[in-house]
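The values are calculated or read from the model by the stated rules, or taken from the named source; none is laboratory data. The structure displayed is predicted, hence computed values, not measured ones. Quick reminder, even Gly has a Cβ in these numbers, built from the backbone with ideal geometry, and neighbours come from all protein chains shown. SASA here: full protein model, heavy atoms, side chains in, ligands and nucleic acids out. Shrake-Rupley method; radii C 1.70, N 1.55, O 1.52, S 1.80 Å.
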Amino acid sequence: MNRRFRYYDVLVHAFVVVLLISNLVAQKITAFGPFRLSGAQLLFPVTYIFGDVFTEVYGYAASRRAIWIGFFASAVLSLMGLAVVALPPAPGWPHQEAFATVFGFVPRLVAASLIAFWAGEFVNAYVLARMKVLTGGRHLWMRTIGSTVAGQAVDTALVMVIAFGGSLSPSLIANLIGSGYAVKVVYEVLATPLTYAVVNALKRREGVDVFDRSADFNPFRASGAGTAGEAG
C-alpha cells in the first residue's frame, strides 16, 4: 500500500517542532521537591505521544520515517548551534556568553541526546506495533502505556548515562533517571484520553488502521507512511 494521507505530514511537522523545542530548553535543570528534571522532560514526552499516533494509525513504517526526520532535524540544530557559537562575535555585541549557554551544545550531550532519542523511539514504535497485532487492535491504553514504559526506559537511561557518566555521582544520575522516567510515564498515562481521541479521529478521517503483521522492523529500511503493514 502506498498512498498519501491528509494529516500525516502535518503531524510530522508538529512532531519535529516539539522535538527541537525540547532540545533548546534541555539545558535548564529544575527542582520539584526531591526530583531533578531537565527542561526537556517537561515537553519531550509529547514526542512519544506522537510516536504512538504514527504507529497506531499509519503503521511502523510511518513512525520510522518520522523518527528519522526528527533525528536529522535534531542533528542539524545541534551542529548549527556548535558552529555559530564558535564564530567570533561582532565587536560591541555583548551576548556571546548568553548565546553560548543556550546554543553551545556540548558534543557529548549532543551524542547522548541523538542516540537516546533514536533508540527509545524505535523501541516505542516496535513494542506498540507488536502489541497491536497480539491484542488484535484492542486495549489501546495498554499499548500506549506499555510502549512508553519500554521506550522511555531506554531513552532516559541512555541519555543520562552517556551524557553524565563519570562526571556526576552514580546516585545523582540514578535520581535523574528515576525522576525523568517517572514523569514521562505519568505524562503518557494522563494523556491517554487525548491519545484515544486523536487516534480514533485520525482513523476515521484517514480511513486507515494499519496492523504490522508482516512489517519489516529494520530501522534502516527506507519506506514511508503506508508502505508496510496491512489495513485492519
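Looking at (1) touching a Gly at 6+ places or on another chain (Cβ under 8 Å); (2) not in a loop (DSSP other than H, G, I, E, B), find the lone condition where Gly137 falls short.
It fails just one condition, (2).
Based on what the data block shows, is Ala191 modelled with pLDDT of 95 or more, buried (at least 16 other Cβ atoms within 10 Å of the Cβ) and either closer than 14 Å to Gly51 by Cβ or touching a helix residue (DSSP H, G or I) at 6+ places or on another chain (Cβ under 7 Å) (or both)?
The answer is no for Ala191.
Would a scan of segment 76-84 turn up a residue that is under 30 Å from Gly146 (Cα atoms), among the hydrophobic types (A, V, I, L, M, F, W, C) and touching a residue at least 40 places away in the same chain (Cβ under 8 Å)?
No, that holds for no residue.
Spot the failing condition for Ala215; the list is (1) aliphatic (A, V, I, L, M); (2) within 18 Å of Ser63 (Cα to Cα); (3) part of a helix (DSSP H, G or I); (4) touching a residue at least 24 places away in the same chain (Cβ under 8 Å), and only one is missed.
Result: Ala215 passes all but (3).
Which one is farthest from Phe211 (Cα to Cα) among residues in segment 4-32 that are open to solvent by 90 Å² or more (accessible area, probe 1.4 Å) and either modelled with pLDDT of 85 or more or part of a loop (DSSP other than H, G, I, E, B) (or both)?
So the residue we want is Lys28.
Regarding Trp118, is this residue aromatic (Phe, Trp, Tyr) and either within 16 Å of the chain's Cα centre (by Cα) or open to solvent by less than 60 Å² (accessible area, probe 1.4 Å) (or both)?
Spelling it out, Trp118 is indeed aromatic (Phe, Trp, Tyr) and either within 16 Å of the chain's Cα centre (by Cα) or open to solvent by less than 60 Å² (accessible area, probe 1.4 Å) (or both).
Determine whether Gly39 is within 21 Å of Ala125 (Cα to Cα), within 19 Å of the chain's Cα centre (by Cα) and of a type in the set (Gly, Ala, Ser).
So Gly39 fails the test.
Tell me, which helices (runs of 4 or more DSSP H) wholly within segment 33-129 include 1 or more residues that are acidic (Asp, Glu) and closer than 30 Å to Ala201 by Cα?
Counting at least 1 such residues, we get 45-53.
If the requirement is being more than 18 Å from the chain's Cα centre (by Cα), open to solvent by 30 Å² or more (accessible area, probe 1.4 Å) and over 17 Å from Phe35 (Cβ atoms), which of these qualifies: Ser113, Ser167?
That would be Ser167, the only listed residue that is more than 18 Å from the chain's Cα centre (by Cα), open to solvent by 30 Å² or more (accessible area, probe 1.4 Å) and over 17 Å from Phe35 (Cβ atoms).
Spot the failing condition for Ser179; the list is (1) more than 25 Å from Val12 (Cβ to Cβ); (2) open to solvent by 40 Å² or more (accessible area, probe 1.4 Å); (3) among the polar types (S, T, N, Q), and only one is missed.
Here Ser179 meets the rest and fails (2).
For a quick check of your reading of the model, give me the residue pairs whose first member lies in segment 157-183 and is among the basic types (Lys, Arg), whose second is not in a loop (DSSP other than H, G, I, E, B), with beta-carbon atoms closer than 6 Å and at least 6 apart or on different chains.
none
Which pairs have Cβ atoms under 6 Å, sit 6 or more apart or on different chains, and link a residue in segment 100-125 that is in contact (Cβ under 8 Å) with a residue 60 or more places away in the chain and closer than 19 Å to Pro45 by Cβ to one that is part of a loop (DSSP other than H, G, I, E, B) and not hydrophobic (A, V, I, L, M, F, W, C)?
Within 6 Å, the pairs are Phe122/Pro219.
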